[in-house]
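*Asks:* Structure provided below as structure tokens; questions to follow.
Each value in this text was obtained by applying a stated rule to the coordinates, not by laboratory testing. Since we're looking at a predicted model, the values are computed, not measured. Note: ideal-geometry Cβ built from the backbone for every residue, glycine included; neighbour counts use all protein chains shown.
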Ligand SMILES: [Zn+2]
Ligand SMILES: [Zn+2]
């Protein structure tokens, strides 16, 4: 299912970790869960979902596993040198890899289509009023055809 013709690249701040995707993103969303607020310095994280099989990673990552608010065990990977958050994968959905939008060489590729976990957003959060909002865990994005 790889090979949609896309060639998307990115990496961490220091350049020790680089990745490529041969597929276009399946979906992009803001996530306001409390875990993401930790990773995104207080804001929502911007998560770009790719098919796992389309993404190759070069360089060493460190990982942190935790139980997310959704009840899923999440494995989050970051650069051990510069600390940039890079990837996230759910044990329940190994066929998806979530890339943090800030790691893309061209962040314009990541245009969010909605906000999730807005029930956990702080009072001062800027939640885009023009995009659909889900209070907690969303339905999966549309299947890849
Ligand atoms: Zn780095
Ligand atoms: Zn989150």
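*Asks:* Normalising by the residue count of region 76-144, find the relative contact order in percent from Cα pairs under 8 Å and 6+ residues apart.
*Replies:* Working: 64 pairs, mean separation 13.6, N = 69.
Worked out over region 76-144, it gives 20 percent.
*Asks:* Hey, another quick one. Given an 8 Å cut-off on Cα distances and at least 6 residues of separation, report the relative contact order of region 1-73 as a percent.
*Replies:* Values: 111 pairs, mean separation 22.5, N = 73.
Dividing the mean separation by the residue count of region 1-73 yields 31 percent.
*Asks:* Measuring from a point 7 Å past the Cα of residue 95 along Cα-to-C-beta, which residues in region 46-68 have an amide N at less than 16 Å?
*Replies:* Those under the cut-off are 49-55.
*Asks:* Can you give me the pair-distance distribution of the chain, C-alpha pairs, 10 Å bins, whole percents?
*Replies:* 12, 44, 36, 8, 0
*Asks:* Enter the Cα centre distance for the pair region 94-144 and region 1-56, rounded to the nearest angstrom.
*Replies:* Here the two parts' Cα centres lie 11 Å apart.
*Asks:* Does region 34-106 come out rounded, prolate or oblate, given a ≥ b ≥ c as the square roots of the eigenvalues of its C-alpha gyration tensor, rounded meaning a/c under 1.5 and, failing that, prolate meaning a/b above b/c?
*Replies:* Values: a/c = 1.35, a/b = 1.06, b/c = 1.28.
In terms of gyration-tensor shape, rounded.
*Asks:* Here's something else I'd like to know. Taking Rh as the Kirkwood radius computed over C-alpha pairs, what is the Stokes-Einstein D of region 1-46 at 10 °C in a medium of viscosity 1.306 mPa s, expressed in µm² per second?
*Replies:* Numbers: Rh = 12.6 Å.
Estimated via Stokes-Einstein, D reaches 126 µm²/s.
*Asks:* What number, in percent, do you get for the relative contact order of the chain if the mean sequence gap of Cα pairs under 8 Å and at least 6 apart is divided by its residue count? Please report the intermediate quantities before stating the final value.
*Replies:* Numbers: 319 pairs, mean separation 36.9, N = 145.
Worked out over the chain, it gives 25 percent.
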